[in-house]
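Take this structure, written in structure tokens, and hold onto it; I'll ask about it next.
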Amino acid sequence: MNIFRLAGDMTHLASVLVLLLKIHTIKSCAGISLKTQELYALVFASRYLDIFTHYVSFYNTVMKLIFLGSAFSIVWYIRRHKLVRRSYDKDHDTFRHYFIVLPCLILALLIHEKFTFRVVMWTFSLYLEAVAILPQLVLLQRTRNIDNLTGQYVFLLGAYRALYILNWVYRYFTEPHYVHWITWISGLIQTLLYADFFYYYFQSWKNNVKLELPA
Amino acid sequence: AEPSVVKDEL
């Protein structure tokens, strides 16, 4: 494992911790899109189908369990916890799941490396992860008041994707036969979706003003 | 055989 991959995973882990901190400690999910969180739960559920049958390393198994567990508990918190659900901004979080899930499923059935259930589901999870942030970005744009933790959560998620690209570049030059078009293109699209957010995030940081996305 | 997917990544 190279430093970019490790840094990417740690950034991903940090994003989840920031979100759990907000939800568990402050008992608030204001500005957080339940739709995006449900899509992530679906992403991990479909990607880690082989978690108990395909062993890679202790590190991988533990991380997979963390991402699965945190994704589903975040969804549970927002839907079921009596305090947390009260802060959920339902009226602005209006993105429809099937606009995202259905095209990804169709694309995975059409474009994959091998037509088996596991590989198609794995490919579906890649396509879905690429666009799962969209409801969250739309919600941010509609929210006049983006609090610090929400801004940091989205920033860490974007940073994680950018570090994964560096990881692929590194692996491409250091490992033989390392070419994964499906992973790379969907990962690149996923990272590009954050470009706009990054721009305003750094602007607000540089000018020391509150983060706000233009409508 | 395993497809050439990035199975060692998360």
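Values in this text are rule-based calculations from the coordinates and carry no lab data. Note that the structure is predicted; figures quoted are calculated from it, not measured. Don't worry about glycine lacking a Cβ; one is built from the backbone with ideal geometry, like all the others, and counts go over all protein chains shown.
Remind me, relative contact order of segment A:46-172 in percent, using alpha carbon pairs under 8 angstrom and six or more residues apart?
Values: 54 pairs, mean separation 32.8, N = 127.
Averaging sequence separation for qualifying contacts and normalising by length gives 26 percent for segment A:46-172.
Is the shape of segment A:83-215 rounded, prolate or oblate, going by the alpha carbon gyration tensor and its root eigenvalues a ≥ b ≥ c, with a/c under 1.5 for rounded and a/b larger than b/c for prolate? Please list the in-between numbers first.
Working: a/c = 2.87, a/b = 1.44, b/c = 2.00.
Here segment A:83-215 falls in the oblate category.
Still on this structure, I have one more. What FRET efficiency would be calculated for the residue pair residue A:170, residue A:45, taking the C-beta separation as r and a Förster radius of 25 Å, to the nearest 0.05?
Numbers: r = 29 Å, r/R0 = 1.16.
Efficiency for this residue pair is about 0.30.
Ok, one more. For segment A:176-215 and segment A:137-166, compute the distance between their C-alpha centroids and round to whole Å.
9 Å
For the protein assembly as shown, what mean projected area does the convex hull of the alpha carbons give, in nm²?
Taking the Cα atoms of the protein assembly as shown, their convex hull projects to 12.9 nm² on average.
May I ask you to sort A:1, A:63 by Cβ crowding, counting other Cβ atoms within 10 Å and putting the fewest first?
So the residues, fewest neighbours to most, are A:1, A:63.
So which of A:35/A:206; A:64/A:114; A:27/A:206; A:82/B:7 end up more than 27 Å apart, counting from Cα to Cα?
Distance filter (> 27 Å) returns A:35/A:206; A:27/A:206; A:82/B:7.
Same structure again: Would you be so kind as to identify which of A:155, A:115, A:173 lies farthest towards the positive end of the dipole of segment A:97-182, taking Lys and Arg as +1 and Asp and Glu as -1 on Cβ and the Cα centre as origin?
A:155
222 nm [θ] for chain A, helices only, -39500 (n - 2.57) per DSSP H run of 4+, per residue, to 500?
-22000 deg cm²/dmol
Let me check against my output: what whole-number percent is the relative contact order of segment A:99-206, with C-alpha pairs under 8 Å and at least 6 apart?
Answer for segment A:99-206 is 30 percent.
Using only the alpha-carbon atoms, what does segment A:12-99 span along each of its principal axes? Please give whole angstrom values in decreasing order.
Reported extents, whole Å, longest axis first: 42, 32, 20.
Please return the longest range in chain A lying between exposed loop sites, taking trypsin sites (Lys or Arg not before Pro), DSSP loop only, at most 13 other beta-carbon atoms within 10 Å, and leaving the sites out. The partial results should precede the final answer.
On the way: sites that count: A:82, A:90, A:96, A:144, A:210.
The longest such stretch corresponds to A:1-81.
Something else about it: Under 20 Å from the Cα of residue A:210, which lysines turn up, not counting those fewer than eight places away in the same chain?
Residue A:210 reaches A:22.
Another one. What does the charge dipole of the protein assembly as shown about its Cα centre add up to, to the nearest 20 debye, if the Cβ of each Lys and Arg holds +1 and the Cβ of each Asp and Glu holds -1?
So the magnitude is around 760 debye.
Also, quick follow-up: When the chain is fully extended, how far beyond the present Cα-Cα distance does residue A:96 get from residue A:205, taking 0.36 nm per residue of separation?
Taking residue A:96 through residue A:205 to full extension adds about 36.0 nm, to one decimal.
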